[in-house]
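Any read-out appearing in this document is the output of simple, stated calculations on the displayed coordinates, not a laboratory observation. Note that the structure is a prediction, hence the values are computed from the model and not measured. As a convention, Cβ positions derive from the backbone with ideal geometry for all residues, glycine included, and neighbour counts pool all protein chains shown.
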Protein chains: 2
Amino acid sequence: MAKEKKKVQAITSMDVDFTQWYTDICTKAELIDYTSVKGMFILRPYGYAIWENIQAGLDKEFKRTGHENVAMPTLIPESLLQKEKDHVEGFAPECAWVTHGGSEKLEERLCIRPTSETVFCDHYSHIVHSWRDLPKKYNQWCSVLRWEKTSRPFLRHREFLWQEGHTLHATAEEAIAETEQMLEIYADFCENVLAMPVVKGIKTDKEKFSGAERTYTIECMMHDKKALQSGTSHYFGDGFAKAFDITFADKNNQLSHPHQTSWGVSTRMIGGIIMTHGDDNGLILPPRIAPIQVVVLPIAQHKPGVIEAAQGLADRLAAQGVRVKTDVSDQSPGWKFAEYEMKGVPLRVEIGPKDMEKNQCVIARRDTGEKYFVSLDELESKVAELLDAVHEHMFQRAKRNLEENTYPCTSVEEVKEKMATQGGFAKTMWCGDLACELYMKENCGVTSRCIPFEQEQLGDTCPICGKPAKKMIIWGVAY
Amino acid sequence: MAKEKKKVQAITSMDVDFTQWYTDICTKAELIDYTSVKGMFILRPYGYAIWENIQAGLDKEFKRTGHENVAMPTLIPESLLQKEKDHVEGFAPECAWVTHGGSEKLEERLCIRPTSETVFCDHYSHIVHSWRDLPKKYNQWCSVLRWEKTSRPFLRHREFLWQEGHTLHATAEEAIAETEQMLEIYADFCENVLAMPVVKGIKTDKEKFSGAERTYTIECMMHDKKALQSGTSHYFGDGFAKAFDITFADKNNQLSHPHQTSWGVSTRMIGGIIMTHGDDNGLILPPRIAPIQVVVLPIAQHKPGVIEAAQGLADRLAAQGVRVKTDVSDQSPGWKFAEYEMKGVPLRVEIGPKDMEKNQCVIARRDTGEKYFVSLDELESKVAELLDAVHEHMFQRAKRNLEENTYPCTSVEEVKEKMATQGGFAKTMWCGDLACELYMKENCGVTSRCIPFEQEQLGDTCPICGKPAKKMIIWGVAY
């Protein structure tokens, strides 16, 4: 069947040119389009539908854990941005500035938010007065703008969609627990929904967020063995609260500064999905996030009853809550096969006159290419079972990539050699000094990805400077 | 019970000062907060939760009718905005302009979108080539910015949240059908979910959207008898398509310009809810949009088992899909009564030791103040019944306000007298001339609200100029 299959939209092989392969998928799977402003992209319906599913999944988790959504202004006065010294140093160079409203020049210029700590703090300083007002656990879904020099679909946009959580707590312990809880939510979502295995850990001071005391991160490994930072959660201590004069009276009427967190993930996750799972035929979407989980295609659809049969199967699956689409357009089966392969639809169900005679259909898996002849009586149960199997297989395959390309190293030379010949992550002990981080960048071309929660004792000394080691750290080349 | 009830957050009476009453509700029901940028507001959790429910309800309707969501850039190059002459004239005076990115001055300044026709058209010109590519039925949920001189919570923000649908069709007929369909969706939503009766009609050329051939509108009447334009749907013909060079090859390979629509509603709807339903004790929310539909309050909660009983009732209602909250904080019942009254929660369920003995609870309606003693065995059915009854009562009350304050008039003097003594809407015949519209503005202080779909024959001549009348039109004072 369908031997006539042909590629209507050939893409560059990832072995030939990984960057071009990635860009080809972004455009040919119709995830994005370019615009007349450099670095600004359109999320087309199929790309945005993935983001809507990410939103729905995470938003449910945020609400389950007691967070509330709000909407803050897009524009931040320059004076507000400048209140926290480290923060403004990190972000001001990347701000887009509004200088005119209508035909009038503004008295103070306004930046388009690169992140919203400052406006949340300003608001909190108005509404938080007493212990009764804490905790405040807010989140917003919005876009932010960072005027970067280079851009790439999903990975580096001048404007991108994200969520930013901002919370305020009576104690440091509670704020740290919140920071860690949100990282766990991100990690679980990546693994259980996006089928992307993560390394959880803490950023070094050099790599942490501007203004944070501590940044937690989840790091994923892509097909090309580079790292993608896929979500971060920051603990601020009371630094912002002091800068913005946020205080609360405790039960004994003593004034204190609350402790603060922020955490976020963005459309960058979609880039991660592409580079974790895709292949030379296009996108491969994890079933739990796929906008279309099953496509039902009629074969020889001009024959009587075939279109109705296909529609019937789709209706049965939709009734089970499966996200399903039927394509009864006049394109050839070969065209349709290639199209839904490119779009990474996890399962394809085919039904034609011969199948109908045998009370069966064919189910093809996008992740492995395997085909199954399935009795129509078992359609719902088999589809449910296969969607789970596809998820599990995609996760295990990605996990193998991460594990097989993570190398414990005990010398700088070993890291350099591994990076030059294999790529991937190198694990070493580390003394905690910035100088050693800079040395690794200079000599091996790697940055620290994180100090992982799961520590191993690879030795007693820092292989870079020879001083006593404090922690095991992971190095890699990052997007 | 609860005779000690007291106002913890008194608000200005609407009869004393309607504007202050409105602002008081916006702040004391914790819907919004002000920011350091004039005209920019924060949507606080309770206000944003109303918007989330509006989004969820409308988004479902948009998808049911075949629309897809996308995300377009926030920034529009000045040259793109200028491509359609009428459109730029309407919007350029209200644009906020980005002139610098990081430390560099931009070669071309970019405006923050006041609306996105131009970017959708630019995108459509890239992706539409053939009849196979039509229709395109896109929508986006985002914020837009209009640099207005004055501002008021929900009614006039410099930045506000909205949705903007933008569609492209092969024929004018199909585009007009789309424009009308979306107006009907807005009207049904207003009436069946927000309990706000609407007048559906067409805007005059003077009042239509910049660049549109025809603008459809739904107009609502507020407590103070002023009009609120609550949703609009625009038919553009092929004007934008020509300006942006969007063409498609039909089945005979002939090139044509497609026909276009756009349609939108915004957070302004929340202002409409407040001014349609609220009273001097605060907000009154229609049950189908209320973030909290039922609040369960324990009475004498220090007595054994009371808090558990209240929680038990809430759990039972939540299991039925009711949006329910229990407040077991140490605030007094009087404080809690006033708080949830201010927040407009449709039903309050009270349970105390005496109720528990009698296997009953008390249910109080926010819209009428009526109280019912309800057997605990009938909790779910009675709550469901009352939520529907509250909606119906609120809708009928608002409809009466609209009908009783709409006056058929046959002379300018009569309109002037009605507007001066009663306010509300005046219906007259109209010749269709701009001069008569301007005359009414000058002499009666009213603008045309719409030419309603439901026409009446009030006479044969325009009462303003005496020429033959074409249509019946509605006049009023608008927000």
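Remark: spin-label model distance residue A:453-residue A:421 equals 3.4 nm, labels positioned 7 Å along the Cα→Cβ axis.
Between residue A:60 and residue B:184, the simple spin-label model (points 7 angstrom out along Cα→Cβ) gives 3.3 nm. Farthest towards the positive end of the charge dipole of chain A, among the residues A:276, A:407, A:335, is the Cα of A:335, using unit charges on the Cβ of Lys, Arg, Asp and Glu.
Spatial offset of region A:243-299 relative to region A:360-402 amounts to 26 Å, using the alpha carbon center of each. The label point for residue B:86 and the one for residue B:316, both projected 7 Å from the Cα toward the Cβ, are 6.0 nm apart. Residues whose amide H comes within less than 5 Å of that of residue B:69, counting only those at least five positions distant or on another chain, are B:139 (H built at 1.01 Å from N in the peptide plane). Between amide H atoms placed 1.01 Å from N, distances below 5 Å from residue B:83 occur with no residue 5 or more places distant or on a separate chain.
Order of A:141, B:97 from fewest to most other C-beta atoms within 10 Å? Could the numbers behind the result be given before it?
Numbers: A:141 18, B:97 22.
Ascending Cβ contact count within 10 Å gives the list A:141, B:97.
The alpha carbon centroids of region B:403-479 and region A:108-178 are separated by 50 Å.
Run the helix sum for chain A: -39,500 (n - 2.57) per DSSP H stretch of 4+ residues, divided by residue count, reported at 222 nm to the nearest 500 deg cm²/dmol. Walk me through the numbers before you get to the answer.
Numbers: 14 runs with 165 residues, N = 479.
The helix-only estimate for chain A comes to -10500 deg cm²/dmol at 222 nm.
Across all Cα pairs in region B:206-340, the calculated P(r) in 5 Å bins from zero up to the longest distance comes to 2, 8, 11, 11, 11, 9, 8, 8, 7, 7, 6, 4, 4, 2, 1, 0, 0 percent per bin.
Eigenvalues of the alpha-carbon gyration tensor of chain A, scaled by 5 and square-rooted, set the equivalent ellipsoid semi-axes at 44, 28, 22 angstrom, largest first. Our summary gives region B:406-476 a relative contact order of 40 percent, counting only alpha carbon pairs under 8 angstrom and 6 or more residues apart. Sorted from longest to shortest, the spans of the Cα atoms of the protein assembly as shown along the three principal axes equal 94, 82, 64 Å. For residue A:467, the lysines whose Cα comes closer than 21 Å to its Cα, not counting residues fewer than 8 places off in the same chain, are A:203, A:206, A:416, A:427, A:441.
I'd like the Kirkwood hydrodynamic radius of region B:406-476, using the inverse of the mean 1/r over distinct C-alpha pairs, in Å. Numbers along the way, then the final one.
Working: mean 1/r = 0.0862 Å⁻¹.
Mean inverse Cα-Cα distance, inverted, gives 11.6 Å.
Cysteines in chain A that lack a partner Cβ within the 4.7 Å cut-off: A:26, A:121, A:142, A:190, A:220, A:361, A:409, A:436, A:444, A:450, A:465. Would you be so kind as to identify which of B:201, B:187, B:220 lies farthest towards the positive end of the dipole of region B:160-277, taking Lys and Arg as +1 and Asp and Glu as -1 on Cβ and the Cα centre as origin? Toward the positive end, the furthest listed residue is B:220. Principal axis extents of the Cα atoms in region A:320-479, from largest to smallest and rounded to whole angstrom, are 75, 29, 25. Summary for residue B:66: label point 7 Å along Cα→Cβ; distances to the equivalent points in the other copies, ascending, 4.8 nm.
Of the cross-linked pairs A:136/A:200; A:85/A:208; B:343/B:399; B:60/B:399, those separated by over 18 Å at the C-alpha level are A:136/A:200; B:343/B:399; B:60/B:399.
Structural descriptor for chain B: relative contact order 14 percent, calculated from alpha carbon pairs under 8 angstrom and at least 6 residues apart.
Which value, in debye to the nearest 20, gives the size of the charge dipole of region B:406-476 about its Cα centre, when Lys and Arg are +1 and Asp and Glu are -1 at the Cβ? Please list the in-between numbers first.
Values: 8 positive and 9 negative charges, 26 e Å.
Here the size comes out at about 120 debye.
Each copy carries a label point for residue A:249 at 7 Å from Cα along the beta-carbon vector; from one copy to the others these points are 7.6 nm apart, nearest first.
Across the identical copies, the 7 Å label point of residue B:368, projected outward along Cα→Cβ, sits 6.3 nm from its counterparts, in ascending order. Normalised Debye scattering of region A:240-298 at q = 0.15, 0.25 Å⁻¹ gives log10 I(q)/I(0) of -0.64, -1.07, counting only Cα atoms as equal scatterers and leaving out solvent. Across region B:21-36, coupling constants 3J(HN,Hα) worked out from phi with the 6.51/-1.76/1.60 Karplus curve, θ = phi - 60°, read 4, 4, 5, 4, 4, 4, 8, 7, 7, 6, 8, 9, 9, 7, 10, 7 Hz, and Gly and Pro carry x.
Determine, for A:330, B:315, A:224, A:279, the number of other Cβ atoms within 10 Å of each Cβ, and report the residues in order from fewest to most.
Values: A:330 8, B:315 12, A:224 15, A:279 18.
Ascending number of Cβ neighbours within 10 Å: A:330, B:315, A:224, A:279.
Would you tell me the mean number of C-beta atoms belonging to other protein chains that fall within 10 Å of each C-beta in B:134-143, as a whole number? All intermediate terms of the calculation are to be shown ahead of the outcome.
Details: counts 0, 0, 1, 1, 3, 1, 3, 2, 4, 5.
Mean shielding by partner chains, rounded to a whole number: 2.
If you place +1 on the Cβ of every Lys and Arg, -1 on the Cβ of every Asp and Glu, and leave all else neutral, what size is the dipole of region B:216-372 about its Cα centre, to the nearest 20 Debye? Could the numbers behind the result be given before it?
Values: 18 positive and 18 negative charges, 36 e Å.
Once rounded to the nearest 20, the dipole reads 180 debye.
Rounded to 0.05, the FRET efficiency of the residue B:152 and residue A:381 pair, given R0 = 60 Å and the Cβ-Cβ distance, is 0.60.
Count charges around residue A:40 for me, please; just the other residues with Cβ under 12 Å from its Cβ, Lys/Arg as +1, Asp/Glu as -1.
Values: positive: A:38, A:146, A:156, A:158, B:113; negative: A:33, A:148, A:159, B:122.
Net charge around residue A:40: +1.
Note that region A:251-262 has calculated 3J(HN,Hα) couplings of 5, 9, 6, 8, 7, 9, 8, x, 10, 10, 9, 8 Hz, one per residue in order, obtained from phi through the Karplus relation 6.51 cos²θ - 1.76 cosθ + 1.60 (θ = phi - 60°); glycine and proline are x. Report, to the nearest 10°, how far helix A:412-421 tilts away from the longest principal axis of the Cα atoms in chain A, using its own Cα long axis and a range of 0 to 90°. On a 0 to 90 degree scale, this one is about 30. Annotation: amide H-H contacts under 5 Å for residue B:293 (H modelled 1.01 Å from N, sequence separation of 5 or more, or interchain): B:323, B:324. Sequentially through region B:97-114, phi angles give Karplus couplings (6.51, -1.76, 1.60; θ = phi - 60°) of 10, 8, 10, 10, x, x, 9, 9, 7, 6, 5, 10, 6, 10, 9, 6, 3, x Hz, Gly and Pro residues having no value and appearing as x.
Charges were assigned to the Cβ only: +1 to each Lys and Arg, -1 to each Asp and Glu. The resulting dipole of chain A about its Cα centre is roughly 740 debye. Report, to the nearest 10°, how far helix A:306-319 tilts away from the longest principal axis of the Cα atoms in chain A, using its own Cα long axis and a range of 0 to 90°. Once rounded, one gets 30 degrees.
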